[in-house]
1. Looking at LYS82 and the list (1) of a type in the set (Lys, Arg); (2) surrounded by fewer than 17 Cβ atoms within 10 Å (Cβ to Cβ); (3) in a loop (DSSP other than H, G, I, E, B), which single condition is not satisfied?
2. Check off (1) modelled with pLDDT of 90 or more; (2) closer than 18 Å to ASN51 by Cβ; (3) surrounded by fewer than 12 Cβ atoms within 10 Å (Cβ to Cβ) for LEU113 and give me the number that stays unchecked.
3. From SER99, SER67, grab the single residue that is over 11 Å from the mean Cα position of the chain (by Cα), surrounded by 18 or more Cβ atoms within 10 Å (Cβ to Cβ), assigned to a loop (DSSP other than H, G, I, E, B) and not aliphatic (A, V, I, L, M).
4. Pairs please, first residue from the stretch 88-99 and over 12 Å from TYR38 (Cα atoms), second anywhere and modelled with pLDDT of 95 or more and assigned to a helix (DSSP H, G or I), Cβ atoms under 6 Å, 6+ apart in sequence or on different chains.
5. Which of the following residues is closer than 22 Å to LEU8 by Cβ, buried (at least 18 other Cβ atoms within 10 Å of the Cβ) and of a type in the set (Gly, Ala, Ser): ALA58, ALA34, ALA75?
6. Report yes if ALA11 is within 30 Å of PHE104 (Cβ to Cβ), at pLDDT 95 or above, of a type in the set (A, V, I, L, M, F, W, C) and surrounded by 20 or more Cβ atoms within 10 Å (Cβ to Cβ), otherwise no.
7. Could you grab the pairs with beta carbons closer than 6 Å, sequence gap of 6+ or different chains, first residue in the stretch 7-23 and outside any loop (DSSP other than H, G, I, E, B), second one modelled with pLDDT of 95 or more and among the small types (Gly, Ala, Ser)?
8. Return yes when ARG43 is touching a residue at least 12 places away in the same chain (Cβ under 8 Å), charged (D, E, K, R) and part of a loop (DSSP other than H, G, I, E, B) and no when it is not.
Amino acid sequence: MKGIDKKLDDAWAKAVKERDKECQYCRKTTYLNAHHIYSRSKRSVRWDLMNGITLCVAHHVFSSGFSFHKTPVEAIDWLINKKGEKWMQTLRIKANTHSKLSKFEKEIMLKELKR
């Protein structure tokens, strides 16, 4: 099922960036990445748009001052401040719910993400 997973990953990233349109930290509109708040290994939210945020490449991975990969504790604190504790709690529950999607379910999800 790697083929459909790759298509889902690509569609998810595109949908997150189209939704946000800019880095949610600094408002930059170029060199954007879609970042998974919970790791892609959390299958229950891997393709959930709630689990995505658009960041410029610096705030995604490169900046030592603030980046979701280099300063994750500060990044999560910022995210909770931006989205709210209730939002974060909802995402946390979704992320910790076991989910194994069938190929049919993945195909439906892919169609929804491409809309």
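The values are calculated or read from the model by the stated rules, or taken from the named source; none is laboratory data. All of these numbers come straight from a predicted model, not from anything done at the bench. As a convention, Cβ positions derive from the backbone with ideal geometry for all residues, glycine included, and neighbour counts pool all protein chains shown.
1. It fails just one condition, (3).
2. (3)
3. Working: SER99 fails: surrounded by 18 or more Cβ atoms within 10 Å (Cβ to Cβ).
The conditions single out SER67.
4. Pairs that qualify, where the first residue is over 12 Å from TYR38 (Cα atoms) and the partner is modelled with pLDDT of 95 or more and assigned to a helix (DSSP H, G or I): there are none.
5. ALA34
6. Numbers: within 30 Å of PHE104 (Cβ to Cβ): yes; at pLDDT 95 or above: yes; of a type in the set (A, V, I, L, M, F, W, C): yes; surrounded by 20 or more Cβ atoms within 10 Å (Cβ to Cβ): no.
Here the answer is no, as ALA11 does not meet what is asked.
7. Matching pairs, first to second residue: ALA13/ALA34; VAL16/ALA34; VAL16/GLY52; LYS17/ALA34.
8. So ARG43 fits the description; yes.
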